[in-house]
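What follows is a short report on a single structure.
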Amino acid sequence: MMNRYDPLGEGFLRLGRCDAGEQVCRLWWSGSGVRTKVCCDRLEAEFFVPEADAHAPWVAVTLDGAPVARIPLAPGRRRYDLLGRLGAEAAHEVAILRDSQPTDSDSGPLELLAVYTDGVPEAPAPRERLIEFLGDSLTVGEGTLGPVSAQEWRTALISSQFAYPTLVSERMNAEKRVIALGGWGAHVSFDRNYEHTLGHIYDSLCAVVPGGEAAYDFEAQRPADAVVINLGTNDFSGMSKVHTPPTGEQLAAFTGSAEALLDQLRRRNPGAMLLWAYGLCGSSLKGPIRQAVEARRAAGDEKVAFLALTDCGDDHGSRSHPSRRAHRRAALEIAAALEEFLN
């Protein structure tokens, strides 16, 4: 017999950035959702997708941390079969996650309304650490699915399951929280929009989606042990002209924005390690980023560092973005740095 369960109920662990007082389970960002431990044969979920969304949001299902399903959601209120004929012989940890990033065409948040199962969900204990990831298309996993020949911008080609934040958190047995948007930067976006920066929206719940403009209540949520920033790739594109690199004035402005972002992150995460990991897809702004990091250290902040990532080179997946192999390499480098700092 299938019973209906509230995903905000005691049988589920909430994942990702959310409103602590919300009455509906809203999945704002990549990797947000719920995790539960259940012994069951069937598992279904009911979602609501606003009618005006131009791009289908994708949901991922994991079993004991391993991806087992990925589903595009249609507009409206619909029920989906997530796990069928699993066999009610052993309990497993099941996560239901938003797999693709929010988009500027979203007319509202994706909502997980209910979970249906013939088992009894039990909330697993949260992992010991929480790592927050702030970034762009590299952080949301753009290009980790699909053939190398695919160049169209489609949510089908974006997956948080194969991006370095998931790989880092799994390797370190940590919870993750992702705030990232493809094309955005620390100072300017790839298309030269100075409003499309992570600092502009970091203090809100999810200001890019209607309904997410409210201030994020940092004190009501679990504090991060570390914040990993991967920004700069789009900034360089936005500041550059054809065959012309950024001017010294532009680089100085970028450094100022990077310093301001680190200041903002420190205010909101007073005890966290701040790690700016950069270089997976170009390293032209390595100097200015190092300068911003060193400015904070010179001011007495010892819990901030820069990590140079190995460039993916020609190791691309779809959308001319880093391949899964490149993400795995970056994850190893980031996890090693975090382990050293946190221990």
GNM result for the chain, Cα springs below 10 Å: residue of Q23, Q291, Q101 fluctuating most strongly: Q23
Percent carbon-and-sulfur accessible area, region 151-269, ignoring ligands, DNA and RNA, probe 1.4 Å: 52
Dimensionless Rg over Rh [region 134-272; C-alpha; Kirkwood]: 0.98
log₁₀ of I(q)/I(0) at q = 0.24 Å⁻¹ - region 43-143, Debye sum with one point per alpha carbon: -1.38
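May I ask you to give the solvent-accessible area per residue for region 100-219, in square angstrom, as obtained with a 1.4 angstrom probe? Could the numbers behind the result be given before it?
Numbers: 4360 Å² over 120 residues.
Here the per-residue accessible area is 36 Å².
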Lysine pairs within the chain, Cα separation less than 30 Å, 8 or more sequence positions apart or different chains: 5
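With a 1.4 Å probe and every protein chain left in place, work out the accessible area per residue of region 226-267 in Å², rounded to a whole number.
43
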Kirkwood-based shape ratio for region 230-343, expressed as Rg/Rh from alpha carbons: 0.99
Largest-first principal axis extents of the Cα set of the chain (Å): 67, 42, 36
Extent along principal axes [Cα atoms of region 67-120; Å; largest to smallest]: 43, 21, 15
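The values are calculated or read from the model by the stated rules, or taken from the named source; none is laboratory data. Owing to the predicted nature of the structure, the values given are computational and were not obtained by experimental measurement. All accessible areas refer to the heavy atoms of the entire protein, side chains included, with ligands and DNA or RNA removed. Shrake-Rupley method; radii C 1.70, N 1.55, O 1.52, S 1.80 Å.
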